[in-house]
Amino acid sequence: MSTTSIASLIIDNPIITKDGFFALRKKKMLGLLGASSVIVAVVSVLLWLDDKSVLRYNPEAVVGDQLFEAMFGLAFIIAGVFLPAMASATIAGEREHGTLPLLTVAGLSPSRIVVGKIAAMLVVAAPFVALPLPSILIGAIAIGVPPVALGVSVLGLVVSMVAFASVGVYASALNERSRTSAPGAMLGAAVPAVFCAMPSFALAIDATDGAHAVHSFVAAIGGIIAGVIVAGAAAYGAWSTLAPQSTPRFRQATGLFLAVTVGMPWVAALLSLTVTTSGRKDVVAGFVAGTFAYSVAALMLYAAGVARDARAPSPWLIVPGAFVVALVSSGLALLASADANHDPSLSQRETISFAVAMLQLFAATTASALAARFIKSPILAALASGLAVLIVTLVPAVIDEFTVGQPPLAFVNFAYARKPEEMVLALLFWGTASIACLAIASRLRASRQRAATGA
Amino acid sequence: MGALGMAEPEPSAPTRPTERAPVAPAIAVRDVVRRYGDFAALGGVTLEVPRGALCGLIGPNGAGKTTLLSILATLDEEFSGEVVIDGVDVKRAPHEARRRIGFVPDHTAIYDALSVREYLAFFAAAAELPKPTRHDAICEAIELTDLSALADRPAGGLSKGLTQRLCVARALLHRPRVLLLDEPASGLDPRARIELKELLKRLAKQGVTVFISSHILTELGDFCDHVVLLEGGRVKAADRVENLFAEAAGQKRGLAAVRRIVVEVVGDAERARDIAVTMPSVTDAACDGAVLAVTIAASPKETAKLVRALVEGGVDVASVVPERQNLEALFLSLTKGGAA
């Protein structure tokens, strides 16, 4: 950083030209963009015209409501899927091609490489994410979304994009091959997805709903700050793996990334706790449940991906951290959901659904990460990962459907635990799962270290 | 084993009359140790490469050639010791050192989707060459490597030989003082090899120091003027090629200054050998067909005496050339089977 001026990070950064603009001129990319624009256009027209069709899931919505919500959601989904997946091939891809050392010898500083990769991904993703924007604007005008709320939501979208790209680039910096970095990138992207993209999207939805608008506005601002911090932490992590004398910095960066990503949800949850009105305790319970799921997911990410690197600190170092997270989250979840239960105006169901969604997200991405790690054939790994996603998505949904009003899966999710024995079971379950993952990671790391030393 | 050309040459080391002593070496390596766990890939390497040299780094597989080149190319900082390239310490000022280094790794690292010109433009921008000079630098590198006709072709479609030339063009963009090449000729056909050698010779003439590694000795023997022999992470020898041959022959016979010559005779080669071995300056002579290989005191006078003795003895001499090609024999004699 010392020898590189801030301006040279963006201006005249050849990585942005190569991986951004040159990537966009590829026929495959242009074809994908063309096909996506046709799909988005067709869906937009259907949403707009066919108010009474099967696409209309909310019979009370006004014309334009669906278009706005669905298209805004689509923009976030495109960003959340496209960016981590693309970014996961950036630095790992250079390693695979053997070009990473050349970038260093050519004089590209690690900061220029990392910033260039993130910016290049934004250049490639921008036309795709922009596809639904015209429909979003039309919908916003039709249903009267306040311009400030729309502006903050779009800012949240942009910050989420930066965070998605940064997390993807970080995952790719930690891996030798792009195939193994993709699951880590998708898993890591859960942080900006939950704590930056979702509040921004929620603001867009709640902007016309007076009771929730203020709360959502504050949450969205908090989410944007969280997104900036996550993006910065991930970019720093990526930089530290490329920087000279990487070992001590790598340790610091890994520690910082874990601290920030595991800590960020708690900041968001506490923020939500302080600004929430008495009628929104369910949101707190949801945040806490998601927080816990995410904390364990971060450990799994570490176990499945990061620890394969011989330079990483011992996985056993973070076991105490895992237990602290589990204990604190269980206490908060109990408080919040118990409070929610005593308030008849609150929807416990909503809390549970949110928690289940978080659990699914975490389980699905972890399954993908492990499948990619342990199955050599890419096709089989993709199939296994798809199957795992299907199972973890369907099973809780089915259980949820048949146990309305009753806390299902109390033994796996603290948000459902109501009794001390359920809490103990949940602790045991996740404690065992975490230790198992860390044990596997520890073995992988040891074998990699043996390979690295040539013993 | 005399490790010649090193920082502390042994007293028996021959002098190097062609070298300008006061000029700092292009590459100076002192006591470099690189460990992977308990294994020392480089166990105290010390060597110097003079400016403008075409220096070959030879050694068996696993000798530490790639490790040494990675360290020289500022890609590996986990070593102890000192490495100075063109007066710049690579550990203290890696960024400054990179401006003086052109590096061609042991694999052809290109971006398939970029054209030859775009590929070079990418690296010109990476090296932060001033914008107005970039176009000229790219054209010059393209011309030097004979890629003008292919400048707008995708780099991914080039043959292996052309790709290698593109890699050299890339390494030359910022006009480095030192060019490091790791096994550049592996996988190239004979024509591409010759073209690469000619290119490197041209560069050396322009004052670029070329440091090239290979385990294929014939590749280096006929065009390098210096050789560093690495084995088991240690320098076994480092000097001008002819000095090494003399040293190797001298070691065999206990003499300091001898050289190997190849005499092509017309007539009875065995008689020629018999004549040669009677001369006091000849320490070894062997015939193979019409060719006589002689180890003789390293003085033109002694060679002339040998020719006269042969002619007077009734053996006509068709040619006398110094034996230079046989780097394999030198390698084997210096590594003492450790290469196996």
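Taking the range A:87-112 as the search range and keeping residues that are in contact with an Asp or Glu (Cβ under 8 Å, 6 or more places away or on another chain) and at the interface with chain B (Cβ under 10 Å from one of its Cβ atoms), which one is modelled with the lowest pLDDT?
The extreme case among them is A:GLY107.
In this structure, is B:PHE211 of a type in the set (Phe, Trp, Tyr), surrounded by fewer than 23 Cβ atoms within 10 Å (Cβ to Cβ), more than 16 Å from B:HIS107 (Cβ to Cβ) and in contact with a helix residue (DSSP H, G or I) (Cβ under 9 Å, 6 or more places away or on another chain)?
Spelling it out, it is not the case that B:PHE211 is of a type in the set (Phe, Trp, Tyr), surrounded by fewer than 23 Cβ atoms within 10 Å (Cβ to Cβ), more than 16 Å from B:HIS107 (Cβ to Cβ) and in contact with a helix residue (DSSP H, G or I) (Cβ under 9 Å, 6 or more places away or on another chain).
Table: residues versus (1) within 16 Å of A:ALA87 (Cβ to Cβ); (2) out of contact with any Phe, Trp or Tyr (no Cβ under 7 Å at 6 or more places or on another chain); (3) aliphatic (A, V, I, L, M).
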residue	(1), (2), (3)
A:GLY151	no, yes, no
A:SER178	yes, yes, no
A:VAL214	no, yes, yes
A:VAL230	yes, yes, yes
A:ALA238	yes, no, yes
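Give all pairs with beta carbons closer than 9 Å in which a residue from the range A:214-233 that is farther than 13 Å from A:LEU155 by Cα meets a residue that is not in a helix (DSSP H, G or I); count only pairs at least 6 apart in sequence or on separate chains.
A:VAL214/A:THR277; A:HIS215/A:THR276; A:HIS215/A:THR277; A:SER216/A:ALA207; A:SER216/A:ASP209; A:ALA219/A:THR276
For (1) in contact with a Lys or Arg (Cβ under 9 Å, 6 or more places away or on another chain); (2) at pLDDT 90 or above; (3) not charged (D, E, K, R), each residue gets a yes or a no:
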residue: B:ARG134; (1), (2), (3): no, yes, no
residue: B:ILE142; (1), (2), (3): yes, yes, yes
residue: B:LEU150; (1), (2), (3): no, yes, yes
residue: B:PRO154; (1), (2), (3): no, yes, yes
residue: B:THR163; (1), (2), (3): no, yes, yes
residue: B:LEU166; (1), (2), (3): no, yes, yes
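Counting only residues that are polar (S, T, N, Q) and surrounded by fewer than 24 Cβ atoms within 10 Å (Cβ to Cβ), how many does the range A:69-108 have?
2
So, in the range B:26-47, of the ones that are of a type outside the set (A, V, I, L, M, F, W, C) and under 11 Å from B:GLY81 (Cα atoms), which residue ends up nearest to the other protein chains (Cβ to nearest Cβ)?
Restricting to residues being of a type outside the set (A, V, I, L, M, F, W, C) and under 11 Å from B:GLY81 (Cα atoms), the top hit is B:ARG34.
Hey, does the range B:83-103 have a residue that's touching a Phe, Trp or Tyr at 6+ places or on another chain (Cβ under 9 Å) and of a type in the set (Val, Ile, Thr)? It would help to see each step written out before you state the result.
Just the residues of the range B:83-103 that are touching a Phe, Trp or Tyr at 6+ places or on another chain (Cβ under 9 Å), to begin with: B:91.
Retained after the next criterion (residues that are of a type in the set (Val, Ile, Thr)): none.
Checking the range B:83-103: not a single residue is touching a Phe, Trp or Tyr at 6+ places or on another chain (Cβ under 9 Å) and of a type in the set (Val, Ile, Thr).
Only one of these conditions is not met by B:THR133: (1) crowded, with 19+ Cβ neighbours inside 10 Å; (2) in a helix (DSSP H, G or I). Which number is it?
Result: B:THR133 passes all but (1).
Which of the residues that make up the range A:1-22 are in a helix (DSSP H, G or I) and at pLDDT 90 or above?
Within the range A:1-22, A:PRO14, A:ILE15, A:ILE16, A:THR17, A:LYS18, A:ASP19, A:GLY20, A:PHE21, A:PHE22 qualify.
Give me a count of the residues in the range B:48-97 that are part of a helix (DSSP H, G or I) and either within 14 Å of another protein chain (Cβ to nearest Cβ) or more than 21 Å from the chain's Cα centre (by Cα) (or both). Break it down into steps so the answer makes sense when it comes.
Narrowing the range B:48-97 to residues part of a helix (DSSP H, G or I): B:65-72, B:94-97.
Add one more test, that the residue is either within 14 Å of another protein chain (Cβ to nearest Cβ) or more than 21 Å from the chain's Cα centre (by Cα) (or both), and what stays is B:66-67, B:69-72, B:94-97.
Final tally of qualifying residues: 10.
Of everything in the range B:272-306, what is loosely packed, with under 15 Cβ neighbours inside 10 Å and either modelled with pLDDT of 85 or more or closer than 17 Å to B:ARG260 by Cα (or both)? Give them in sequence order. Give the steps one after another, and end with the answer.
First, the residues of the range B:272-306 that are loosely packed, with under 15 Cβ neighbours inside 10 Å: B:274, B:277-278, B:280, B:286, B:288-290, B:299-301, B:304.
B:ASP274, B:VAL277, B:THR278, B:PRO280, B:ALA286, B:ASP288, B:ALA290, B:SER299, B:PRO300, B:LYS301, B:ALA304 - these are the residues of the range B:272-306 that are loosely packed, with under 15 Cβ neighbours inside 10 Å and either modelled with pLDDT of 85 or more or closer than 17 Å to B:ARG260 by Cα (or both).
Would the range B:3-23 turn up any residue that is away from every other protein chain (no Cβ under 14 Å) and modelled with pLDDT of 90 or more?
Scanning the range B:3-23 turns up no residue that is away from every other protein chain (no Cβ under 14 Å) and modelled with pLDDT of 90 or more.
Considering B:ASP112, B:ASP189, B:ASP152, B:ASP146, which residue is surrounded by fewer than 21 Cβ atoms within 10 Å (Cβ to Cβ), among the acidic types (Asp, Glu) and under 21 Å from the mean Cα position of the chain (by Cα)?
B:ASP189
Collect the residues in the range B:176-202 that are basic (Lys, Arg) and either in a helix (DSSP H, G or I) or closer than 17 Å to B:LEU147 by Cβ (or both), keeping them in residue-number order.
Applying the first criterion (basic (Lys, Arg)) to the range B:176-202 yields B:177, B:191, B:193, B:197, B:201-202.
If the condition is that a residue be basic (Lys, Arg) and either in a helix (DSSP H, G or I) or closer than 17 Å to B:LEU147 by Cβ (or both), then B:ARG191, B:ARG193, B:LYS197, B:LYS201, B:ARG202 are the ones that fit.
Would the range A:124-135 turn up any residue that is within 21 Å of the chain's Cα centre (by Cα), closer than 30 Å to B:LEU129 by Cα and away from chain B (no Cβ under 14 Å)?
yes
Output the residues belonging to the range B:98-112 that are in a loop (DSSP other than H, G, I, E, B), under 18 Å from B:LEU162 (Cβ atoms), more than 7 Å from chain A (Cβ to nearest Cβ) and in contact with a strand residue (DSSP E or B) (Cβ under 8 Å, 6 or more places away or on another chain). Show your work before the answer.
At the first step, the residues of the range B:98-112 found to be in a loop (DSSP other than H, G, I, E, B) are B:99-100, B:105-112.
Filter again for under 18 Å from B:LEU162 (Cβ atoms), leaving B:105-112.
Now narrow it down to the ones that are more than 7 Å from chain A (Cβ to nearest Cβ): B:106, B:108, B:110, B:112.
B:ASP106, B:ASP112, listed by residue number.
Go through the range A:193-242 and count every residue that is part of a helix (DSSP H, G or I), of a type outside the set (Val, Ile, Thr) and out of contact with any Gly (no Cβ under 8 Å at 6 or more places or on another chain).
So the answer is 22.
Given (1) within 13 Å of another protein chain (Cβ to nearest Cβ); (2) assigned to a helix (DSSP H, G or I), identify the lone condition not met by B:GLY161.
Against the list (1) within 13 Å of another protein chain (Cβ to nearest Cβ); (2) assigned to a helix (DSSP H, G or I), B:GLY161 comes up short only on (1).
If a residue must be surrounded by fewer than 24 Cβ atoms within 10 Å (Cβ to Cβ) and of a type in the set (A, V, I, L, M, F, W, C), how many such residues does the range B:84-96 contain?
Counting residues in the range B:84-96 that are surrounded by fewer than 24 Cβ atoms within 10 Å (Cβ to Cβ) and of a type in the set (A, V, I, L, M, F, W, C) gives 3.
Quick one: B:ARG175 ticks every box in (1) surrounded by fewer than 20 Cβ atoms within 10 Å (Cβ to Cβ); (2) modelled with pLDDT under 90; (3) within 22 Å of B:SER70 (Cα to Cα) bar one, so which box is it?
(2)
Go through (1) hydroxyl-bearing (Ser, Thr, Tyr); (2) more than 7 Å from chain A (Cβ to nearest Cβ); (3) in a loop (DSSP other than H, G, I, E, B) and name the single condition B:TYR119 misses.
Checking B:TYR119 against (1) hydroxyl-bearing (Ser, Thr, Tyr); (2) more than 7 Å from chain A (Cβ to nearest Cβ); (3) in a loop (DSSP other than H, G, I, E, B), the one that fails is (3).
Could you check, for the range A:171-181, whether at least one of its residues is more than 14 Å from chain B (Cβ to nearest Cβ), assigned to a helix (DSSP H, G or I), closer than 25 Å to B:ALA121 by Cβ and modelled with pLDDT of 95 or more?
There is no residue in the range A:171-181 that is more than 14 Å from chain B (Cβ to nearest Cβ), assigned to a helix (DSSP H, G or I), closer than 25 Å to B:ALA121 by Cβ and modelled with pLDDT of 95 or more.
List the number of the failed condition for A:VAL38; all other conditions in (1) surrounded by 15 or more Cβ atoms within 10 Å (Cβ to Cβ); (2) modelled with pLDDT of 90 or more; (3) of a type in the set (A, V, I, L, M, F, W, C); (4) farther than 27 Å from A:SER111 by Cβ hold.
Failed condition: (1).
State whether the residues of the range B:164-174 include one that is within 21 Å of B:ALA53 (Cβ to Cβ) and of a type in the set (Lys, Arg).
Scanning the range B:164-174 turns up no residue that is within 21 Å of B:ALA53 (Cβ to Cβ) and of a type in the set (Lys, Arg).
The values are calculated or read from the model by the stated rules, or taken from the named source; none is laboratory data. Values in this document were obtained by computation on a predicted structure and should not be read as measured data. Virtual Cβ from ideal backbone geometry, glycine too; neighbours counted across all protein chains shown.
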